[in-house]
Amino acid sequence: MSELHKFLFDGLPVRGMLVRLTDAWQDVLKRREAAGPFPAPVRALLGEMAAAGVLMQSNIKFNGALVLQVFGDGPVKLAVAEVQPDLSFRTTAKVVGEVKPTAQLEAMLNVHGKGRCAITLDPKDKKPGQQAYQGVVPLHGDHREPLQELAQVLEHYMLQSEQLDTRLVLAANDQVAAGLLIQRLPIEGEGNLEGRRNEDDIGLSEGFNRVAHLAATLTQEELLELDVETILHRLFWEEPLIRFEPQTPHFACTCSRERVGQMLKGLGREEIDSVVAERGEVEIGCEFCGQQYHFDPVDVGELFTPPGNQPPGSGAVQ
């Protein structure tokens, strides 16, 4: 079963989270099979993005969707992971060229140095004029060296956006997508009253540095193969942990026939009628979950007919 475990290090300004997506991640890959599976490096990247997205969404407790995207100028044009407040998630990618079996982040998305990572927070109930928040960082380090791992990119992002030391370990294969996040807690109380800023303490917390060093010894193989209890005991057996009730991330897609219908209406009656005339129907597939939506001539007619003008017995698109 997929699970997310949150914990604090008693007496230290450090928090941690460990996620292992098992059945939920396998469900994502199974749904993709009908449209053709992504290359193995892309599947691994999407798995790491799903694990990272769940960790970040749980970390900020945001009432809206967290959308993690990496995009660039390589054979992978775009990769997306979206996580809702209840930790339901979905992923997809747009692959436009050959991805070699050993490809890392640079070879997939940052061939000419134009790759970017964007994190968008999209509120569920937007107030008038409210826009989604988005932060963007390049796929290279401070000295413009290309980053090869998603974890490095996200550590860099969180250091810039939150001014907090973060250590992140990510791994994914076709059975498990997993991640461990260790983060220094922001200053509270007297520290803030003294005018101290989070960035003033970057790299200076002995407690965080010790825990982060322990976390860095975790290999990707161990993260994928070992259960949560074994990982935490191996890494932090000398550290007193305060554990919280585990949560259960799961796959879910927000697509619906109604949403697809609204999208078709946005394209206009003339264009949709031309597709129906050529193919006999309109078929739309969700890139996230693989669900296929079919609209025949009758469906299209109802779609573009105002509700008050529909004949008796007909129903609006559900």
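Report the number of Lys pairs in the chain whose alpha-carbons are under 18 Å apart, with separation of 8 or more residues or on distinct chains. Before the final figure, lay out the partial values.
Details: Lys6/Lys61; Lys30/Lys94; Lys61/Lys124; Lys61/Lys126; Lys77/Lys94; Lys77/Lys100; Lys77/Lys114; Lys94/Lys114.
Going through the chain pair by pair, I get 8.
Evaluate E = 1/(1 + (r/R0)^6) for Arg234 and His143, where r is the Cβ-Cβ distance and R0 equals 41 Å; express this FRET efficiency to the nearest 0.05. Each step should come with its number before you reach the end.
Working: r = 33 Å, r/R0 = 0.82.
Using R0 = 41 Å, I get an efficiency of 0.75.
Which FRET efficiency value, to the nearest 0.05, is calculated for Leu241 and Glu221 with the Förster distance at 22 angstrom and r the Cβ-Cβ distance?
Details: r = 23 Å, r/R0 = 1.06.
Taking R0 as 22 Å, the efficiency between Leu241 and Glu221 is 0.40.
Sort largest first and round to whole Å: the equivalent ellipsoid semi-axes of the chain, each the square root of five times a Cα gyration tensor eigenvalue. Display every interim value, and only then the final one.
Values: eigenvalues 331, 98, 77 Å².
That gives 41, 22, 20 Å for the three semi-axes.
Please work out the average accessible area per residue across the chain, using the 1.4 Å probe convention, and give it in Å². Before the final figure, lay out the partial values.
On the way: 16410 Å² over 318 residues.
That works out to 52 Å² for each residue.
Can you give the accessible area of Val95 in Å² (nearest 10), computed on protein heavy atoms with a 1.4 Å probe?
Val95 has an accessible surface of roughly 50 Å² with all protein chains in place.
Per the Kirkwood definition applied to all pairs of different Cα atoms, how many angstroms is the hydrodynamic radius of segment 6-112? Please list the in-between numbers first.
Details: mean 1/r = 0.0668 Å⁻¹.
Value: 15.0 Å, from the Cα pair sum.
Would you tally the net charge around Glu82, using a Cβ to Cβ cut-off of less than 12 Å, leaving Glu82 out, and scoring K and R as +1, D and E as -1?
Details: positive: Arg90; negative: Asp122, Glu287.
Combined, the nearby Lys, Arg, Asp and Glu give -1.
Carbon-plus-sulfur fraction of the accessible area of segment 66-124, 1.4 Å probe, in percent? Please report the intermediate quantities before stating the final value.
Details: 1260 of 2460 Å².
The value for segment 66-124 is 51 percent carbon and sulfur by accessible area.
Pro138: net charge of surrounding residues, Cβ under 15 Å, Lys/Arg +1, Asp/Glu -1, itself excluded? Kindly include the intermediate steps, with their values, before the conclusion.
On the way: positive: Lys114, Arg116, Arg144; negative: Asp73, Glu106, Asp142, Glu145, Glu149, Glu155.
Combined, the nearby Lys, Arg, Asp and Glu give -3.
Any idea how far the Cα center of segment 153-173 sits from the one of segment 37-62, in Å?
Using only Cα atoms, the two centres lie 13 Å from each other.
Counting only helical runs of four or more DSSP H residues, what would the 222 nm mean residue ellipticity of the chain come to if each run contributes -39,500 (n - 2.57) and the total is spread over all its residues? Intermediate results must be reported in sequence, preceding the final value.
Values: 11 runs with 108 residues, N = 318.
Mean residue ellipticity, 222 nm, calculated: -10000 deg cm²/dmol.
Can you compute 3J(HN,Hα) from phi for each residue in segment 281-290, using the Karplus curve 6.51 cos²θ - 1.76 cosθ + 1.60 with θ = phi - 60°, rounded to whole Hz and x for Gly and Pro?
Karplus values, whole Hz, x for Gly and Pro: 6, 10, 10, 10, x, 6, 6, 8, 10, x.
About its Cα centre, what dipole magnitude does the chain give when the only charges are +1 on Lys and Arg Cβ and -1 on Asp and Glu Cβ, stated in debye to the nearest 20? Spell out each step's value before the answer.
Numbers: 30 positive and 46 negative charges, 94 e Å.
Dipole about the Cα centre, nearest 20: 460 debye.
If pairing requires two Cys Cβ atoms under 4.7 Å apart, which cysteines of the chain are left without a partner?
For the chain, the answer is Cys117, because their Cβ atoms have no other cysteine Cβ under 4.7 Å.
Could you check how much of the accessible area of segment 205-248 is carbon and sulfur, as a whole percent, using a 1.4 Å probe?
Details: 1430 of 2810 Å².
Its accessible area is 51 percent carbon and sulfur atoms.
The values are calculated or read from the model by the stated rules, or taken from the named source; none is laboratory data. The structure displayed is predicted, hence computed values, not measured ones. No Cβ is skipped: glycine too gets one built from the backbone with ideal geometry, and neighbour counts run over all protein chains shown. Accessible surface areas use protein heavy atoms only, side chains included; no ligands, DNA or RNA. Shrake-Rupley method; radii C 1.70, N 1.55, O 1.52, S 1.80 Å.
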